[in-house]
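No value in this document is a laboratory result; all are computed from the given coordinates. Quantities reported herein were computed from a predicted structural model and do not represent experimental measurements. When we count neighbours, we look across all protein chains shown, and the Cβ atoms used for this are built from the backbone with ideal geometry, even at glycine.
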Amino acid sequence: MRAIFRRLQVGRDREDPERGAAVVDFALIGGLLTVIFVAIIQLTLVLHVRNTLIDAASSGARYGTLADRSPQDAVGRAEELIRGSLADSYGSDVTVGESTVGGVRTLEVVVRAPLPVIGLIGPAGVMEVRGHAALPS
């Protein structure tokens, strides 16, 4: 009786060569899906940071073109908006100047910030965004 039972067990092992493969498949696919998910989250963070910087630069430029404001007020406003929504290091390199866009004199606010590679950590000065506002004639 035991010999028959052993033959059945041995036969089962030989008939199912993929036994245990589900665990390996789960580990490989689970790891791959985790990497893809983290990459999508990081890309979303980069786009959020970029859009926030563009908004702050544009708002600063508009603020600096008001009748009772100076270009330095534009820098202060952009830095204030950036530091209020992102890390302080993102608002440390803000410059202002005049430029011409489409034949119109504009106040240009330039923000240079780190490119977030891992979370908000990344190389400084890699991302550069600009905001413009028409100067009064």
| query | Are there any pairs, at least 6 apart or on different chains, whose C-beta atoms fall under 6 Å, with the first in the range 66-94 and closer than 25 Å to Leu120 by Cα and the second acidic (Asp, Glu) and assigned to a helix (DSSP H, G or I), and if so, which? | reply | Gly91/Glu79; Val94/Glu79
| Just for the range 124-137: of the residues that are within 20 Å of Leu66 (Cβ to Cβ) and surrounded by 15 or more Cβ atoms within 10 Å (Cβ to Cβ), which one is nearest to the chain's Cα centre (by Cα)? | Arg130
| query | Do the conditions hold for Ala61, that is, is it of a type in the set (A, V, I, L, M, F, W, C) and over 18 Å from Glu128 (Cβ atoms)? | reply | no
| said: So if I check each of Arg50, Arg105, which one is among the basic types (Lys, Arg) and over 25 Å from the mean Cα position of the chain (by Cα)? | reply: Arg105
| Search result, residues across the range 95-123 that are small (Gly, Ala, Ser) and surrounded by 15 or more Cβ atoms within 10 Å (Cβ to Cβ) | Ala113, Gly122
| message | Go through the range 41-94 and report how many residues are outside any loop (DSSP other than H, G, I, E, B), of a type in the set (A, V, I, L, M) and surrounded by fewer than 20 Cβ atoms within 10 Å (Cβ to Cβ). | response | 6
| Members of the range 95-137 found to be assigned to a loop (DSSP other than H, G, I, E, B), under 30 Å from Leu43 (Cα atoms) and either β-branched (Val, Ile, Thr) or without any contact (Cβ under 8 Å) to a residue 24 or more places away in the chain (or both), listed by number | Val117, Gly122, Pro123, Val126
| task | Would you confirm whether any residue within the range 37-51 is over 26 Å from Pro116 (Cβ atoms) and free of Cβ contacts under 8 Å to residues at least 24 places away in the same chain? | result | no
